[in-house]
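Asks: Have a look at this one before I ask anything.
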Amino acid sequence: MDVVQFQEKLRNICELGKQNGNMLTHEQIREHFASTDLETSQMLKVLQYLKLQGIMIEGDTAPVETEEVAETEPESKGTSTPLTSEEEAYLKDYLAEVSNGKKVSQEMLHTLFENLADGDAIAEAALTSIYLPVAANMAADMNCTEIQLADLIQEANVVLLTALSDPETERKDDAWLRLQLRKGIIAAIEEQTQKKFQDDCLVAKVEKLESEVKDLTDDDGENRFTIDELAVILDMNVDEIRDILRLTGDDK
């Protein structure tokens with residue numbers, strides 16, 4: 001299954017989940033992907049993606065909320081990949097670097113957001129400083145294997161800066177900003193997951209082609225078929241075969 005087909009099936013299963021009140025059964029998911037050649041590791045990524053979209057798997061707990069974001073610590077770590085010791089050390093050092101240790105009252109936040117709406121650059125800088133540790137903790141709470149924690153934090157920071165400077169949004173507040181951060185982190189995870197799936201597909205194709213070419217080669221190493229004949233035998237595009245052969249160094 002190619003990436004386009006995978007993305008289409010992913011969209012369809014998400015739509016089904018929404019229609020079922022953000023709930024799917026394991027049987028529904030298995031049936032939906034029954035015609036695919038997804039491996040166990042890839043199916044686990046599908047389940048993780050569904051949870052990030054707020055879709056519960058029947059029998060699971062701790063769904064990830066997408067409609068509303070609390071004004072305190074917004075996410076639980078129920079569906080994330082636990083941090084390694086190295087990631088925990090990185091997060092601790094990073095938070096020590098960006099946090100000033102001062103608590104900010106709701107009244108102060110309200111004032112800063114009001115000033116931000118008036119185009120106050122100082123308020124924007126202050127809010128950036130306040131929400132850098134929030135973005136980092138949110139990224140850590142949504143940690144996954146597809147993207148390194150440091151990169152995910154940087155993605156969250158980009159979302160933070162973009163959201164605060166967005167001229168199109170009139171009303172900005174704490175809940176709105178946390179929701180933008182959450183959406184941005186989910187988008188980064190989704191993009192990296194799809195890229196990883198595409199890379200895995202390419203690796204699988206390379207391995208398949210290497211195996212098939214070996215089987216279609218004489219004992220003296222001479223190919224018995226032209227590249228056009230291979231395309232017919234392997235049900236692959238000629239240009240695709242040429243590209244893969246270049247990667248393997250067999251484009252002779």
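The values are calculated or read from the model by the stated rules, or taken from the named source; none is laboratory data. Bear in mind the structure is a predicted one, so any value in this text is a computation, not a measurement. Using ideal geometry, Cβ is built from the backbone for each residue, glycine included, and neighbour counts are taken over all protein chains shown. Each accessible area value is taken on the protein alone, full model and side chains, heavy atoms only, with ligands, DNA and RNA left out. Shrake-Rupley method; radii C 1.70, N 1.55, O 1.52, S 1.80 Å.
Asks: Using a 1.4 Å probe on the protein chains only, how many percent of the accessible area of region 85-172 belongs to carbon and sulfur?
Replies: 52 percent
Asks: Read phi for every residue in region 104-115 and hand back ³J(HN,Hα) as whole Hz from Karplus 6.51 cos²θ - 1.76 cosθ + 1.60, θ = phi - 60°, with x for Gly and Pro.
Replies: Working through the residues one at a time gives 10, 6, 4, 5, 5, 4, 4, 5, 4, 5, 5, 5 Hz.
Asks: Ranked highest first by the average count of other Cβ atoms within 10 Å around their residues, in what order do 148-157, 130-139 fall?
Replies: 130-139, 148-157
Asks: Further question: Using alpha carbon centroids, what distance separates region 18-33 and region 82-133, in Å?
Replies: Each part reduced to its Cα centre gives a spacing of 38 Å.
Asks: Between their Cα atoms, which of Lys51/Lys102; Lys18/Lys172; Lys51/Lys172; Lys9/Lys183; Lys51/Lys183 are more than 25 Å away from each other?
Replies: Beyond 25 Å between Cα atoms: Lys51/Lys102; Lys18/Lys172; Lys51/Lys172.
Asks: In square angstrom, what is the accessible area per residue of region 88-132 with a 1.4 angstrom probe?
Replies: I get 68 Å² per residue for region 88-132.
Asks: Output the peptides 97-104, 10-17 sorted from most to least packed, where packing is the average of other Cβ atoms within 10 Å over each peptide's residues.
Replies: Ranked by mean Cβ neighbours within 10 Å, highest first: 10-17, 97-104.
Asks: Sticking with this one: For Met56, which sequence-distant residues (separation of 5 or more, or a different chain) have an amide H within less than 5 Å of its own amide H, given hydrogens modelled in the peptide plane?
Replies: Under 5 Å from the amide H of Met56: Met23, Leu24.
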